Amino acid sequence: LAKTTQPPSMEAYEGQEVNVSCSHTNIATSEYIYWYRQVPHQGPQFIIQGYKDYVVNEVASLFISADRKLSTLSLPWVSLRDAAVYYCIVTARGSALGRLHFGAGTQLIVIP
Amino acid sequence: ETAVFQTPNYHVTQVGNEVSFNCKQTLGHDTMYWYKQDSKKLLKIMFSYNNKQLIVNETVPRRFSPQSSDKAHLNLRIKSVEPEDSAVYLCASSIGVNQDTQYFGPGTRLLVL
């Protein structure tokens with residue numbers, strides 16, 4: 001399983017776009033990139049997933065570098081509700097174990 | 001909208017007692033999981049159940065035992081709790097064992113005195 005590296009924390013003002021980076025230098029060809037977030041007193045919530053290039057949904061967008069060693073989660077127009085810990089996870093799709101290995105994540109602090 | 005339900009929200013107990021946590025999902029998923037989140041907020045998988053069959057046991061202590069009556073329910077029993085068991089226990093589900101999009105409940109916070 002590829003190890004991921006994220007900044008421990010970030011700060012942003014309400015209304016700003018936020019980009020959270022994740023390094024996964026040993027990612028395997030079978031592995032996908034997943035992003036979850038967790039707000040206090042709740043369980044993690046799935047945000048987005050991707051394999052290469054660019055993925056976008058109604059919540060966020062995900063850019064993956066050409067060599068797939070770096071991904072960036074982009075949150076447009078953050079609000080106070082986006083204050084959470086953001087987890088980048090790399091795992092093989094279709095793995096028989098179905099496990100997610102969570103790292104320490106990135107604590108996003110949103111300033112009013 | 002919540003679709004993975006956990007009870008209780010909080011539980012305080014003393015060392016040596018037995019506790020039991022409940023989890024129910026209304027998503028029709030086949031696979032359910034238990035995770036432990038420690039004081040440093042690190043999440044670690046404990047068990048996975050696919051359609052009532054245990055498929056993963058991450059070598060947790062024997063005092064932990066998952067219990068499943070059907071694929072919508074996965075409970076967790078801890079016999080003789082110890083101080084290091086204080087944590088948040090998170091239940092999750094996914095469509096199948098090969099699906100990595102998991103849906104989590106709000107967690108049960110356990111404090112062992």
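Only residues that are over 17 Å from B:S65 (Cα atoms) and assigned to a loop (DSSP other than H, G, I, E, B) were counted across the stretch B:16-30, and they come to 5. Hey, can you tell me all the residues within the stretch A:71-94 that are over 11 Å from the mean Cα position of the chain (by Cα) and closer than 24 Å to A:S30 by Cα? Correct list: A:T91, A:A92, A:R93, A:G94. B:T59: loosely packed, with under 15 Cβ neighbours inside 10 Å, out of contact with any strand residue (DSSP E or B) (no Cβ under 6 Å at 6 or more places or on another chain) and at pLDDT 90 or above, yes or no? No: the conditions fail for B:T59. Picking from residues in the stretch A:40-50 that are more than 13 Å from A:C22 (Cβ to Cβ) and out of contact with any Lys or Arg (no Cβ under 8 Å at 6 or more places or on another chain), the one that is surrounded by the fewest Cβ atoms within 10 Å (Cβ to Cβ) is A:P40.
Across the stretch B:9-56, what is the total count of residues that are at pLDDT 85 or above and of a type in the set (K, R)? Within the stretch B:9-56, residues that are at pLDDT 85 or above and of a type in the set (K, R) number 3.
Would you mind stating whether A:R37 is within 14 Å of another protein chain (Cβ to nearest Cβ), charged (D, E, K, R) and open to solvent by 20 Å² or more (accessible area, probe 1.4 Å)? Spelling it out, A:R37 is indeed within 14 Å of another protein chain (Cβ to nearest Cβ), charged (D, E, K, R) and open to solvent by 20 Å² or more (accessible area, probe 1.4 Å). The single residue among B:Q102, B:Q53, B:Q67 that is facing chain A (nearest Cβ under 10 Å) and either surrounded by fewer than 20 Cβ atoms within 10 Å (Cβ to Cβ) or in contact with a Ser or Thr (Cβ under 7 Å, 6 or more places away or on another chain) (or both) turns out to be B:Q102. In the stretch A:45-53 there is at least one residue that is more than 14 Å from chain B (Cβ to nearest Cβ) and touching a strand residue (DSSP E or B) at 6+ places or on another chain (Cβ under 7 Å). For the stretch B:78-95, a residue qualifies if it is within 14 Å of chain A (Cβ to nearest Cβ) and more than 18 Å from B:P66 (Cα to Cα), and exactly one does: B:I95.
When A:Y86 is tested against (1) within 14 Å of chain B (Cβ to nearest Cβ); (2) modelled with pLDDT under 95; (3) crowded, with 17+ Cβ neighbours inside 10 Å, just one condition goes unmet, and that condition is (2). Here the strands (runs of 3 or more DSSP E) wholly within the stretch A:1-86 that include at least 1 residues being in contact (Cβ under 8 Å) with a residue 24 or more places away in the chain are A:9-13, A:18-23, A:31-38, A:45-50, A:61-64, A:70-75.
The values are calculated or read from the model by the stated rules, or taken from the named source; none is laboratory data. Everything quoted here is computed from the prediction, not taken from an experiment. FYI the Cβ positions are ideal-geometry reconstructions off the backbone, even for glycines, and counts take in every protein chain you see. Note: areas computed on protein heavy atoms with side chains; ligands, DNA, RNA excluded. Shrake-Rupley method; radii C 1.70, N 1.55, O 1.52, S 1.80 Å.
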